[in-house]
Amino acid sequence: MRSGSTLTSGIVQQSGNAFFSMEPLWGIYKRCYRRKHDVCCRNDKCRSPSGDLEGLQVAIAAIKDIFNCEFNKLGNKVLSSFTFFSESSGNTRLRYNQCFESSRNETLTEWCLKYLTSVCEASSGIIVKTLRLSAETLSFLKDIVPDMKIVQLFRDPRGVLISRKNFGDFMDRNTNISIYARQLCNRMSHDIDVLKSFGIHYIPLRYECLSDNPDMSVRKLYKGLNITVTKAVEEWIDSHMRANSSKSGGYGFQYKNSTVVAHCWRYSLDLTSIKAIDSRCSQFYDKTGIAKISNRSDLRNPGFLTYSGNVYSKGTC
């Protein structure tokens, strides 16, 4: 969900001088993510943690240390994320100075740590964007970071699957797409059930609502985060979500008209694939108000709404 999660991160970053950490656990898990007892990847294959570095407590401690601005406690695998994703996080000085690219330059490392700490401590809030932790692992952060709020971005699985396919995330291309659909929808449905237990600390956000109606969705998102929508935020929405042409977002990310991006799967997937996905995701559809598509006319018709409000998504769109 690169387009969705990256877009949402950009929106929240416009709130002022917030400190932003993008995918701090990328260096440890790469395309996989940590569950309570194992490590799983997008092909739904799971394995035992490989060494102490992949231990759950290492991941939880890393997130806690970022929220506490205690970067001296972080290992190089985590610190390197601030350099690798420096353009997306707004810390380009880290890349310019080649921070955390070598552990042998102690003087440089000390400067980089002090720089990160000063920016973090002067910030109005701390934002961590990660896809490397499953929903149930976040329960370990409840007591450690009591004022933490969790924004869960969920998207139509048909859009998620075509996005992953385009980025080469189907590791076994001979596997029927319905298998991946079942795995994806089961995980998203489970995540919703887990995150609901966080109560007021949990903010669900539908990607299609954000794309189709950014003004209302951003206001509700900001309200949930206790942030004020400023003129600068409104201008960012106009330039990045209603753009008539592509805008570079750093590291190959492009900001385009958000509605076009959110619904482009309707012109990329054939009806056979759509029906295969729909048959595997019925429970998730019912839970989140997503409509099945039964004919090619509805599939290609931009006026046919593929989502609606329900008990779960009320207040999200």
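May I ask you to list pairs of residues, at least six apart or on different chains, whose Cβ atoms are under 9 Å apart, with the first in region 64-79 being assigned to a helix (DSSP H, G or I) and the second being acidic (Asp, Glu) and at pLDDT 95 or above?
64/70; 71/65; 72/65; 73/65; 78/65
What number of residues within region 269-308 satisfy the criterion of being surrounded by fewer than 18 Cβ atoms within 10 Å (Cβ to Cβ) and either within 18 Å of residue 190 (Cβ to Cβ) or touching a residue at least 60 places away in the same chain (Cβ under 8 Å) (or both)?
So the count comes out to 4.
Scan region 130-143 residue by residue and report those that are under 21 Å from residue 84 (Cα atoms) and not in a strand (DSSP E or B).
Taking region 130-143 as the starting set, the residues that turn out to be under 21 Å from residue 84 (Cα atoms) are 130-133.
Within region 130-143, 130, 131, 132 meet the criteria.
Within region 80-104, track down each residue that is over 20 Å from the mean Cα position of the chain (by Cα), part of a helix (DSSP H, G or I) and not polar (S, T, N, Q). Don't jump to the end; show me each part of the working.
To start, the set of residues in region 80-104 that are over 20 Å from the mean Cα position of the chain (by Cα) comprises 92-104.
Checking the rest, the ones that are also part of a helix (DSSP H, G or I) come to 92-96.
Residues satisfying the conditions are 93, 94, 95, 96.
Can you go through 58, 12 and tell me which one is out of contact with any Cys (no Cβ under 9 Å at 6 or more places or on another chain), in a helix (DSSP H, G or I) and modelled with pLDDT of 95 or more? Write out each step before concluding.
Numbers: 12 fails: modelled with pLDDT of 95 or more.
Only one candidate qualifies: 58.
Scan region 105-121 residue by residue and report those that are more than 25 Å from the chain's Cα centre (by Cα) and of a type in the set (A, V, I, L, M).
So in region 105-121, the residues more than 25 Å from the chain's Cα centre (by Cα) come out as 105-115, 118.
If the condition is that a residue be more than 25 Å from the chain's Cα centre (by Cα) and of a type in the set (A, V, I, L, M), then 108, 113 are the ones that fit.
Look through 38, 65 and report the one residue that is among the acidic types (Asp, Glu), farther than 30 Å from residue 176 by Cα and at pLDDT 90 or above. Lay out the reasoning, then the answer.
Working: 38 fails: farther than 30 Å from residue 176 by Cα.
After applying the criteria, what remains is 65.
Out of everything in region 183-200 that is over 17 Å from residue 156 (Cα atoms), surrounded by 14 or more Cβ atoms within 10 Å (Cβ to Cβ) and not β-branched (Val, Ile, Thr), what residue ends up being nearest to the chain's Cα centre (by Cα)?
For region 183-200, the residue satisfying everything is 195.
Taking region 175-217, which residues are assigned to a helix (DSSP H, G or I) and of a type in the set (Lys, Arg)?
Restricting attention to region 175-217, the residues satisfying the condition of being assigned to a helix (DSSP H, G or I) are 177-201, 207-212, 214-217.
182, 187, 196, listed by residue number.
In region 109-129, what residues are surrounded by 14 or more Cβ atoms within 10 Å (Cβ to Cβ), assigned to a helix (DSSP H, G or I) and not hydrophobic (A, V, I, L, M, F, W, C)?
Answer for region 109-129, where residues must be surrounded by 14 or more Cβ atoms within 10 Å (Cβ to Cβ), assigned to a helix (DSSP H, G or I) and not hydrophobic (A, V, I, L, M, F, W, C): 109, 115, 117.
Please specify each residue of region 15-39 satisfying the condition of being closer than 15 Å to residue 187 by Cβ, in contact (Cβ under 8 Å) with a residue 40 or more places away in the chain and not in a loop (DSSP other than H, G, I, E, B).
Selection gives 32, 33, 34.
Just for region 148-174: of the residues that are at pLDDT 90 or above and assigned to a loop (DSSP other than H, G, I, E, B), which one is nearest to residue 270 (Cα to Cα)?
156
Since residue 142 meets every condition but one in (1) modelled with pLDDT under 90; (2) of a type outside the set (Ser, Thr, Tyr); (3) in contact with a strand residue (DSSP E or B) (Cβ under 9 Å, 6 or more places away or on another chain); (4) within 25 Å of residue 220 (Cα to Cα), which condition does it not meet?
With (1) modelled with pLDDT under 90; (2) of a type outside the set (Ser, Thr, Tyr); (3) in contact with a strand residue (DSSP E or B) (Cβ under 9 Å, 6 or more places away or on another chain); (4) within 25 Å of residue 220 (Cα to Cα) applied to residue 142, the lone miss is (3).
The values are calculated or read from the model by the stated rules, or taken from the named source; none is laboratory data. This one's a predicted model, so the numbers in the text were calculated from it and none came from an experiment. We place every Cβ from the backbone using ideal geometry, glycine too, and count neighbours over all the protein chains shown.
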